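Quick note: the coordinates plus some simple rules give every number you see, no bench work behind them. Values in this document were obtained by computation on a predicted structure and should not be read as measured data. Note that we place each Cβ from the backbone using ideal geometry, even for glycine, and neighbour counts take in every protein chain shown.
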Amino acid sequence: MTAAKKPAKKISKSSPRLRRQKLIPESKKVESKLPDKKVKPISSTTKTPLSPAASMEELMARKESKFFVPRRGEILKGTVTEVTSRLVLLDIGAKTEGLVVDREFDESRDFAKTLSVGDEINAYVLSPENDRGQILLSLRTAATDWMWQKISQWQRTGEVIEVRGLEINRGGLVARIDSLDLYGFIPTSQLSGPLAAKLDDLVNRMLKVKVIEVDRQNNRLIFSERHVSQAGEIEAQKLALETVKPGDKFKGVVAGVTDFGAFVKVKIDKHDIEGLIHISELSWDKVPSAQDIVKEGQEVEVAVVDVHPDSGKVGFSLKRLAGDPWQGIEERYPAGKKMEGTIVKIASFGAIVQLEPGVSGLLHISKISAGKEPSVGDKLEVVIEDLDRDRRRLSLGLAAEDIPAIYR
């Protein structure tokens with residue numbers, strides 16, 4: 001039995017034509033197995049659209065992102081998140097943590113041992129992303145800073161450390177702090193007598209020393225073995241140096257000669273104290289080598305230039321005992337005065353003529369006739385043309401320009 005059909009609805013010609021509509025089937029209800037949750041209605045974003053971002057940094061800021069991409073060569077501050085026997089992890093604010101591994105870790109191993117989780121340190125970006133997507137860092141700069149700070153602390157506190165003798169030179173012993181792989185120097189004057197007498201025995205030998213000078217800018221590190229083995233005597237020497245002042249004169253013996261000067265041992269309040277005559281204090285003339293002025297074992301008289309009781313250092317001068325030859329030079333060398341001098345040096349710009357020890361002048365090349373060039377050791381008559389006392393410069397001319405009075 002079929003259902004009766006409903007009679008079709010009559011549409012009059014005058015009625016408006018109905019538009020065809022797309023029918024959307026009613027969706028079936030699906031029972032959710034999840035517990036009921038209150039869902040917040042999604043607010044429309046079309047009411048407050050975002051303006052175009054002016055830069056990637058602005059877009060990242062809008063998204064409240066804390067990540068950035070580091071650049072090779074940057075020095076960044078990071079927070080230690082993990083330290084093991086093989087690596088250090090740092091949170092530098094990038095998408096992943098930075099790693100200090102392999103060779104970079106080995107070179108900073110001693111520094112890494114001092115680190116703890118949460119420490120903030122500086123790191124150098126070696127690679128912003130390697131083939132594994134890792135950020136590779138270096139701690140060499142931070143480790144170097146740490147080393148110099150540690151050494152400066154040892155100097156302040158008088159810490160006794162061990163160094164290994166490596167190489168002998170004219171001035172003393174090159175030594176190394178093995179734990180830091182850092183090199184320094186022990187001058188002969190800072191070795192006790194028995195050790196200084198047998199320097200060759202100190203190679204590859206461990207010595208107990210104190211740090212007495214730290215100069216990072218010039219990469220200079222000075223150790224003293226005497227400050228350990230003769231600590232009591234050194235304290236007594238410091239007290240003796242407190243009675244010394246610049247200008248005091250002492251007789252002593254040259255204990256050693258180096259490229260930069262000579263060490264002289266003097267008696268001060270019954271104590272043997274060694275000081276340095278810097279090469280610039282040996283003579284008023286320019287000195288090519290200290291060996292040209294003094295020899296080891298030579299007895300000399302010296303004047304004190306400066307003294308530092310706290311460090312046990314005293315500086316001597318040989319030349320100041322003779323007085324400064326440039327004092328009152330205007331009266332002795334007025335313009336136009338003729339004098340006899342000795343050629344001590346020939347240069348491309350002329351000849352250096354010594355008029356007296358400590359006083360030399362320049363005879364410019366333009367004042368020397370071609371074919372009549374003098375030689376070192378020649379004596380000739382010159383005339384004073386110009387004098388600049390402040391700059392210690394003296395300009396000379398030939399007393400007879402046509403026929404130079406040169407003789408040997």
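Points worth noting:
- Straight-distance crosslink candidates among aspartates and glutamates, where the alpha carbon sits under 20 Å from residue 208 and sequence neighbours closer than 8 are dropped: 159, 162, 167, 178, 181, 200, 225, 233, 235
- Calculated FRET value between residue 208 and residue 392, using beta carbons and R₀ = 51 Å, to 0.05: 0.65
- Loop trypsin sites (Lys or Arg not before Pro), the range 207-297, which have at most 15 other Cβ atoms in a 10 Å radius of their Cβ (DSSP): 216, 270, 286, 295
- In the range 77-113, trypsin sites (Lys or Arg not before Pro) in a DSSP loop with at most 14 other beta-carbon atoms within 10 Å: 86, 95, 113
- Its Cα centre serving as origin, the range 245-383 has a Cβ charge dipole (Lys and Arg +1, Asp and Glu -1) of approximately 240 debye.
- Placed amide H near residue 192: partners under 5 Å, 5+ positions off or other chain: 226
- Inter-label distance, nm, simple model (7 Å from Cα along the C-beta direction), residue 243/residue 313: 2.4 nm
- Placed amide H near residue 322: partners under 5 Å, 5+ positions off or other chain: none
- Cα centroid of the range 251-269 to Cα centroid of the range 189-239, whole Å: 17 Å
- Diffusion of the range 236-321 by Stokes-Einstein, at 25 °C in a medium of 0.890 mPa s and with Rh set to the Kirkwood radius over alpha-carbon pairs, works out to 193 µm²/s.
- FRET efficiency estimate (nearest 0.05) - Cβ-Cβ, residue 81 to residue 306, R0 60 angstrom: 0.70
- Percent RCO, i.e. relative contact order, over the range 75-143, from Cα pairs under 8 Å lying at least 6 residues apart: 35 percent
- Cβ-to-Cβ counts within 10 Å put 263, 316 in ascending order as 263, 316, the fewest first.
- Between residue 364 and residue 215, the simple label model (points 7 Å from Cα in the Cβ direction) yields a spacing of 3.7 nm.
- Residues 200, 259, sorted so that the one with the fewest Cβ neighbours within 10 Å comes first: 200, 259
- Subtracting the Cα-Cα distance of residue 145 and residue 335 from 0.36 nm times their residue separation leaves 62.7 nm of extension gain.
- Label-zone membership for the range 361-397, site residue 292, 7 angstrom Cα→C-beta point, backbone N under 18 Å: 361-363, 375-379
- Projecting label points 7 angstrom from Cα along Cα→Cβ for residue 272 and residue 197 puts them 1.0 nm apart.
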